[in-house]
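Readers should treat all values here as calculations from the given coordinates under stated rules, not as data from a laboratory. Keep in mind the model is a prediction, meaning the values are calculated, not measured. Reconstructed Cβ throughout: ideal geometry from the backbone, glycine too, with neighbour counts over all protein chains shown.
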Amino acid sequence: METETRRRVERVSEFAIEHVRALQVLDSRGDPTVEVVVVTKGGGCGRGTAPAGASRGLREAVELRDGGRRYLGRGVESAVAAVNRYIAPAIVGMSSHRFREVDRRIIEVDGTPNKSRLGANATTATSLAVVNAAADTAGLPLFEFLGGRLARTLPVPLMNIINGGAHAGNELSFQEFMVAPVGASTFSEALRMAVEVYKTLKELLKKTYGPQAINVGDEGGFAPPMRETREALEAIARAVSEAGYEVGEDFVLAIDAAASHSYRDGAYLVDGRRLESDGLLELYASIVSEFPVVSIEDPFAEDQPHYFRELRSALGGRALVIGDDLTVTRAELVSRHFSEGAIDGAIVKINQVGTLVEAEESIELLKRLGGRAIVSHRSGETEDASIAHIAVAYGTGLIKTGAPARGERTSKYNELLRIEDYLSGDSRYAGRGALGRS
Ligand code: PGA
Ligand code: ZN
C-alpha cells in the first residue's frame, strides 16, 4: 500500500514543470514569433509556437511587438522576455498535468483583459508548450492526452485554395475561397481528393490567366488576378469537376469574407464596387443559390452583428454563418452572438484569447449549445501542429488550416494523417454531417 502511494506521488510529480524557456523564431511570413520549451521533472518535453494573424479582430488579445528598427519593428524580444522573466517563475513547480490551472495562473500574472502586459504571443506559446510537455510526460499523443480514448473523429478540412483580401496581392475582396471534401470516407482520402482539386485548379488558372496566376497567397492558396467573387467560385467549381468530382456532393464550398477589412465609411468594397450592407446581403443570397457554398465566415464587419442575424434568416439554413473577427474565440462573445441568432458557430484560434483553457471554454460552449467550432490556424503560421491534435481531441469535426501546400500548412495535414494512422481503423472521418446546419 505504502509503495503504491509512493509510486502515485512520484508519478504526479513527474508532471511538475521544471524548466521554461522562450526564444524568438520566425513564422511563415518571415516575422519573428515566440517559441516556448517546457521540460517536466519526469523528462517530458513540449514546445509551443505562436502564430500571427494579418486580418485581426478588434477585440482580439494583443501580441507584443518590439517596435524600433530591428526586424522593422516586428521583433518579439519583449514577449520572449515576458515568458522568461514573469511567466516561468510563476509556473515552475506547477503540475503540467493540470494545464488548466497553469493557464489560469498565466492569466492572473498578465492581469489585463486582453493579455497586453505579457503579450498573447507569449501566453499562447507557453500554454501550448505546457500541454505538449504534459502529453509527452504521459507518453501520449496530445489529442489522446486531451480527449482520451473517445477522441477519434478526424475533422473535415476547410481548405483555402484561392486567397484574396489581406492575404494576397490581387483584387479579390473576400479573403478566402475554400473547398471541403465532405464526400470522402477517411481523412487521408479527403486530403488526396483536395490535392487533386488544388493541382487541377493550378493548371486551369495557368491556362486562363497565365503563369502569374499560380503565385500563392499567405495560406498557400492561389492568388490569381481576379476581381469578382463569382469568378473565383466558378474556377473552383470547374476544378472540382475537372478533377472528376461532383460539386455539392464530394466537395462543398465555403467563404471567409473577413468583411471588417473591406468596410470603409459605411460601405463594403466588394467586386470593385461599393456595396451597402443590404446589397452585400443580396450578393451572399445569390451566391448561395448559384454555388454549393455551405459556410460564410465574417460576412459583415464586426460591429454589424444585426446583419449577421439578417443573413442567417435570409439563408434559412442553406449555409452556416460563422463568426471569427466577430467572436475572437472569447466565450462571452461566442455565447452572446450565438444566443442572439447571429451565428451558427465560430472560428477557434488560441492566440485570439491567448490560452488553451480559454479556447477550450469556447469550444465546450459551442458544443453545449449545438453550434459549430472550427479550429483554425492563422495566416502567419509555424510548423507547430498542435491545432491538428486539438481538433481531434475536442471532436470539432472541422479544421481550417489552409491549402494542401507549404510546410506550415502541411504540418497540420500531415499530423492528421499520423493521427489517423495511429488510430488504425478506429478513427472516423467527420464527413458531410460536419457542415450541415444544426
Ligand atoms: P488571419 O486570417 O490569420 O490573417 O487573421 C485568418 C482568418 O480570418 O480566418
Ligand atoms: Zn476569418
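Brief remarks on what is shown
- Mean Cβ count within 10 Å, highest first, over the residues of peptides 144-156, 420-432: 144-156, 420-432
- Helical mean residue ellipticity (222 nm; -39500 (n - 2.57) per DSSP H run of 4+; nearest 500) of the chain: -12000 deg cm²/dmol
- Using every pair of distinct Cα positions in segment 318-438, the Kirkwood expression returns a hydrodynamic radius of 14.7 angstrom.
- In this Cβ point-charge picture (+1 for Lys and Arg, -1 for Asp and Glu), segment 147-208 has a dipole of about 240 debye about its Cα centre.
- FRET efficiency estimate (nearest 0.05) - Cβ-Cβ, GLU189 to LEU26, R0 30 angstrom: 0.35
- For the residues ALA79, ALA243, ALA257, a GNM of the chain with alpha-carbon springs under 10 Å puts the largest fluctuation on ALA243.
- Of the residues GLY371, SER411, ILE387, the one whose Cα sits farthest toward the positive end of the charge dipole of segment 308-438, with +1 on the Cβ of Lys and Arg and -1 on the Cβ of Asp and Glu, is GLY371.
- Helix 120-138 axis versus longest C-alpha principal axis of the chain: approximately 60°, rounded to the nearest ten.
- Solvent-free Debye scattering, log10 I(q)/I(0), computed from the Cα coordinates of segment 91-207 at q = 0.09, 0.20, 0.23 Å⁻¹: -0.47, -1.02, -1.13
- Centroid-to-centroid separation of segment 169-200 and segment 392-438 [C-alpha atoms, Å]: 13 Å
- Inter-label distance for HIS19 and ARG273, nm, one decimal - labels placed 7 Å from Cα along Cα-to-Cβ: 6.2 nm
- Count, lysine Cα pairs under 22 Å in segment 148-435, 8 or more residues apart or across chains: 10
- Based on Cα contacts under 8 Å between residues 6+ apart, segment 322-438 shows a relative contact order of 20 percent.
- Residues in segment 307-330 that a label on ARG368 would reach, taking backbone N under 17 Å of a point 7 Å out along Cα→Cβ: 329-330
- Between helix 187-209 and the chain: long-axis angle, C-alpha atoms, 0 to 90°, nearest 10: 40 degrees
- Dipole-positive endmost among VAL179, ALA213, LEU128 within the chain (Cβ charges, Cα centre): LEU128
- Listed peptides 324-336, 264-276, 385-397 by packing density, highest first (mean Cβ within 10 Å): 385-397, 324-336, 264-276
- Charge dipole (debye, nearest 20) of segment 16-139; +1 at Cβ of Lys and Arg, -1 at Cβ of Asp and Glu: 180 debye
- Rg and Dmax [Cα atoms of segment 355-401; Å; Rg one decimal, Dmax integer]: 10.7, 33
- Where the Cα pairs of the chain fall when distances are cut into 20 Å bins, in %: 27, 57, 15, 1
- Footprinting exposure proxy ranking of PHE99, PHE177, fewest other C-beta atoms within 10 angstrom first, gives PHE177, PHE99.
- Placing a label point 7 Å from the Cα of LEU58 along the Cα-to-Cβ direction, the residues of segment 255-291 with a backbone N closer than 19 Å are 257-269, 276-278.
- Angle in degrees between helix 229-242 and the longest Cα principal axis of the chain, rounded to the nearest 10: 80 degrees
- In this calculation the C-beta distance from SER339 to SER78 is compared with R0 = 51 Å, giving a FRET efficiency of 0.85.
- Placing unit charges on the Cβ atoms only, positive for Lys and Arg and negative for Asp and Glu, gives the chain a dipole magnitude near 740 debye about its Cα centre.
- Short-range pairs are left out: with C-alpha atoms under 8 Å and at least six residues apart, the relative contact order of the chain is 19 percent.
- Antiparallel %, DSSP beta bridges [both residues in the chain], to 5: 60 percent
- Dimensions (Å) - segment 16-139, Cα atoms, principal axes, largest first: 41, 28, 24
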